[in-house]
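Let me begin by presenting the structure, written as structure tokens, before commenting on it.
The values are calculated or read from the model by the stated rules, or taken from the named source; none is laboratory data. Everything numeric here is computed off the predicted structure, so don't read it as measured data. With ideal geometry, Cβ positions are generated from the backbone for all residues, glycine too; neighbour counts draw on all protein chains shown. Just so you know, the surface numbers come from the protein's heavy atoms only, side chains and all, with ligands and any DNA or RNA stripped out. Shrake-Rupley method; radii C 1.70, N 1.55, O 1.52, S 1.80 Å.
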Amino acid sequence: MSPITTQRHGDILIVTSNNPPVNALGHAVREGLVKAMDEADADETVKAVVVICEGNTFFAGADISEFGKPMQMPMLPMVVDRIEACTKPVVAAIHGTALGGGLEVALACHYRVAVPDAKLGTPEVKLGILPGAGGTQRLPRVVGVPKALEMVATGNPIGAKEAHDLGLVDRLIEGDLTQHAVAFAEEVRDVRPIPRSSERDDKLAEARANPALFDEFRKANAKKFRGFDAPEATIKAVEAAVAKPYAEGVLDERRLFMELMTGTQARAQQYFFFAERKASKIEGLPEDTKPRDIKRVGVIGAGTMGGGISMNFLSAGIPVTIVEMEQAALDRGTGIMRKNYEATASKGKVTAEQVEGAMGLLNPTLDFGTLAECDLIIEAVFENMDVKKDVFTRLDKIAKPGAILASNTSYLNIDEIAAATSRPQDVLGLHFFSPANIMKLLEIVRGAKTAPDVLVTAMQLAKKIRKVAVVAGVCYGFIGNRMLIPRQMQAMQLLLEGATPEQVDKVHVEFGMPMGPFQMADLAGIDIGWHRDPNRIENIRDKLCAMERWGQKKGAGFYDYDDKRRPSPSPVVAEVIEEFRQKAGIEKREITDQEIMERTIYTMVNEGAKILEEGMAQRASDIDVVWVYGYGWPVYRGGPMFWADTVGLKEIVAGLERQRERLGSDFSLSKLLTNKAEAGEKLTR
Ligand code: 3H9
């Protein structure tokens, strides 16, 4: 049966799509829409048409799972042209999200009505492509060039109210959407000429008079778009909309669309779209596992992590009890939380009432026993096994039966922590990334005894607090930090052999990472995890720590910083490196950028493959999700596992073999990696 059905309401033809889950514009939908337009044109008694969707949303775009497969006719550009060419007025009735191809369908309709909480946007750029069914040509004609540029180049949707102000939505509908859309269609059924977006050019006048706005937009967003192909292509397409007649502009759009679609970035970003969604699926659990009810969360520790973690729950409307040992620490912690909220409010992202609402859900206390009222308790104390065990032993005594006990450890063994309780089935790791109220990633660490419903609860909760969660097994550093270890070791070793921090960082930044290993160390604090004995100096890092060069917070680390925290190469660090190089008897040599890649990035891939072969990650794509959301790996390279596949596993193994001598005695090649390389297979299949 076709997902598109038609039904008469008087002289209005209602065209309904029912293609769950998101009414993607797959082949059958496209075919059905064209037939429905034919029906409307052929039947004299039809005076206007309403296009509406069942389920949660209006068309959320082209069907991404069809990408890369042979296209079946009619293609979406033909469909939207067919809709626009309809001789009867067509009204799009929007609820949920009109995204990508969905918005292009709506733009081809002659009128658009929407419920107030609908969202409209062109997220194609996030999939490495651009709106390829006339969207880059019709949108600027309807909302004007500056707004269209912003929408297509950033991919961020706008709300229906804003869309209404811009003229993208003709009427906001309160109440029954079908009924009001039909009434609207009745109102416009005789209006002639029928308004067609592609025929307008009144809103292009501003940009025609000031074409410099394109370069200004490029300049203003240069940082955000760095490395990505799609944003520039979307800008070019909108430029074509301004410079050329519609019929020509749309050809430019098609050419740019095809160029992007056949490129590696689009493949990477589309792969990542599905990777992100796959990550929430936990393997090996009984199908009927039900989550536990979480009404109140407890957080132990009001430091940076504890505060950030608490904010996630408060923002989602879940009450939090936060416990500290001393009043001063508690006050400091809650004060910082409030400041963070107020900073967000000053940017207009939340209202003052929302700040008060969130803070009102917080119960700060020095009484550990208060945690007995919590359904989930997250420990965010000092990263030390004895301290953590002690906390869990105490928790075991007071937490209510069935409460979930979580540790925010970034490295330590969850099974050992769980063994400090009489209820290891209720224990798991919830590894938030700093700043915890901002970073999207959450590693859910599954202990040997963690109960299925505990995992399901954590995954569900992650969604509620708008995190992307990935399940990791118990190993040192879990997925993300474990892969950092070889990178960090090699980066330090490279300094001894002749590279500078600037050179190593440059390779990573040019690769697309937000910063390199030394910039990251300076930002995080070199002293984190340091043994704190200034007399025990075994390596470069010990020495920098002993010199109190702890990173940005001290104005000095691997780099020197000025009072605006701008870095410059440090002669002091160069001397320290020289001192250790001499001690180690290493001769300085020229290091190529390629060697830096092989020793720091190929080794990460190797560690990722080990994580996979040990079953510490459920799937290769989960590792990619961790690196994109936890460490800023450029999404246009898919993630370390996907990227390795694009380089070719044979080349990755060859690169590691080339460096084998220098990688040290601790290094070993992953069997999974070498086997897959030999078999000509991929890590991400
Ligand atoms: C485009 O339109 C190109 C055109 O310009 C030109 C063509 C010529 N296709 O996210 P959820 C699946 S490009 C196929 O968890 P939510 C998704 O995989 C497209 N499948 O739900 C998941 O499957 P599963 C531009 C899709 O409520 C299920 O639906 N549009 C598509 O949190 C539920 O998804 C976009 O980029 C799709 N287009 O959020 C919009 N979309 O259950 C992409 C979703 O098996 N979609 N699925 O894991 C979204 O942003 C969100 O899905 C949405 C709902 C906001 C709609």
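Here is a check on your reading of the model: is VAL29 open to solvent by less than 40 Å² (accessible area, probe 1.4 Å), more than 23 Å from ASN156 (Cα to Cα), away from the ligand (no atom under 13 Å from the Cβ) and of a type outside the set (Asp, Glu)?
When the stated conditions are applied, VAL29 does not pass them.
Among the residues that make up region 78-98, is at least one of them within 12 Å of the ligand (Cβ to nearest atom), open to solvent by less than 30 Å² (accessible area, probe 1.4 Å) and in a loop (DSSP other than H, G, I, E, B)?
The answer is yes, given that some residue of region 78-98 is within 12 Å of the ligand (Cβ to nearest atom), open to solvent by less than 30 Å² (accessible area, probe 1.4 Å) and in a loop (DSSP other than H, G, I, E, B).
Could you check region 591-619 and list, in sequence order, the residues that are surrounded by fewer than 24 Cβ atoms within 10 Å (Cβ to Cβ), over 18 Å from PRO514 (Cα atoms) and aliphatic (A, V, I, L, M)?
Within region 591-619, ILE591, LEU612, MET616 meet the criteria.
Has region 52-62 got at least one residue that is of a type outside the set (D, E, K, R), modelled with pLDDT of 95 or more, more than 10 Å from the ligand (Cβ to nearest atom) and in contact with a helix residue (DSSP H, G or I) (Cβ under 7 Å, 6 or more places away or on another chain)?
Within region 52-62, one or more residues are of a type outside the set (D, E, K, R), modelled with pLDDT of 95 or more, more than 10 Å from the ligand (Cβ to nearest atom) and in contact with a helix residue (DSSP H, G or I) (Cβ under 7 Å, 6 or more places away or on another chain).
Taking the residues in region 475-519 that are open to solvent by 20 Å² or more (accessible area, probe 1.4 Å) and charged (D, E, K, R) as candidates, determine which candidate is nearest to PHE558 (Cα to Cα).
Out of the qualifying residues, it is GLU502.
Taking ARG332, is it assigned to a loop (DSSP other than H, G, I, E, B), basic (Lys, Arg) and either more than 16 Å from ALA436 (Cα to Cα) or touching a Phe, Trp or Tyr at 6+ places or on another chain (Cβ under 8 Å) (or both)?
no
If you scan region 414-463, which residues turn out to be farther than 25 Å from ALA275 by Cβ, open to solvent by 10 Å² or more (accessible area, probe 1.4 Å) and β-branched (Val, Ile, Thr)?
Passing the criteria: only THR421.
Hey, does region 305-320 have a residue that's within 16 Å of the ligand (Cβ to nearest atom) and at pLDDT 95 or above?
Yes, region 305-320 contains at least one residue that is within 16 Å of the ligand (Cβ to nearest atom) and at pLDDT 95 or above.
Show the residue pairs meeting these rules: Cβ distance below 9 Å; 6+ apart or different chains; first residue within region 641-652 and assigned to a helix (DSSP H, G or I); second residue at pLDDT below 95 and surrounded by fewer than 23 Cβ atoms within 10 Å (Cβ to Cβ).
What qualifies is ASP645/ARG685.
Quick one: in region 63-74, which of the residues that are over 26 Å from the mean Cα position of the chain (by Cα) and surrounded by fewer than 15 Cβ atoms within 10 Å (Cβ to Cβ) is nearest to the ligand (Cβ to nearest atom)?
Residue satisfying both the conditions and the ranking: MET71.
Does ASN535 qualify as being of a type outside the set (A, V, I, L, M, F, W, C) and more than 28 Å from ILE377 (Cα to Cα)?
Here the answer is yes, as ASN535 does meet what is asked.
Name the residues in region 114-136 that are near the ligand (Cβ under 6 Å from one of its atoms) and open to solvent by 20 Å² or more (accessible area, probe 1.4 Å), would you?
Residues satisfying the conditions are PRO123, LEU127.
Report yes if LEU251 is of a type in the set (A, V, I, L, M, F, W, C), in contact (Cβ under 8 Å) with a residue 24 or more places away in the chain and surrounded by fewer than 19 Cβ atoms within 10 Å (Cβ to Cβ), otherwise no.
Judged against the criteria, LEU251 is not a match.
Take region 565-595 and flag every residue that is under 41 Å from the mean Cα position of the chain (by Cα), assigned to a helix (DSSP H, G or I) and not basic (Lys, Arg).
PRO571, VAL572, VAL573, ALA574, GLU575, VAL576, ILE577, GLU578, PHE580, ASP593, GLN594, GLU595
Residue-wise test of (1) touching a residue at least 40 places away in the same chain (Cβ under 8 Å); (2) within 29 Å of ASP622 (Cβ to Cβ).
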site	(1), (2)
LYS467	yes, yes
TYR476	yes, yes
GLN488	no, yes
MET492	yes, yes
THR500	yes, no
PHE511	yes, yes
ASP527	no, no
TRP530	no, no
PRO534	no, no
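So the check is Cβ under 6 Å with 6+ separation or different chains; which pairs have a first residue in region 394-411 that's of a type in the set (D, E, K, R) and a second one that's in a loop (DSSP other than H, G, I, E, B)?
Within 6 Å, the pairs are ASP396/THR421; ASP396/SER422.
Working carefully through the options PRO567, PRO571, find the one that is more than 30 Å from THR684 (Cβ to Cβ), open to solvent by 10 Å² or more (accessible area, probe 1.4 Å), at pLDDT 95 or above and touching a strand residue (DSSP E or B) at 6+ places or on another chain (Cβ under 6 Å).
Only one candidate passes the filter, namely PRO567.
Which ranges mark the helices (runs of 4 or more DSSP H) fully within region 182-281 that have 3 or more residues being in contact with a strand residue (DSSP E or B) (Cβ under 8 Å, 6 or more places away or on another chain), at pLDDT 95 or above and not acidic (Asp, Glu)?
none
Looking at ARG685, ARG660 in this structure, which one is under 20 Å from GLN490 (Cβ atoms) and open to solvent by 30 Å² or more (accessible area, probe 1.4 Å)?
That would be ARG660, the only listed residue that is under 20 Å from GLN490 (Cβ atoms) and open to solvent by 30 Å² or more (accessible area, probe 1.4 Å).
Could you tell me which residue of region 1-26 is farthest from the ligand (Cβ to nearest atom), considering only residues that are among the aliphatic types (A, V, I, L, M) and under 27 Å from ALA160 (Cβ atoms)?
The residue in question is ILE12.
If only one of ASN19, ASN56, ASN23 is assigned to a loop (DSSP other than H, G, I, E, B), polar (S, T, N, Q) and touching a Ser or Thr at 6+ places or on another chain (Cβ under 8 Å), which one is it?
It is ASN23.
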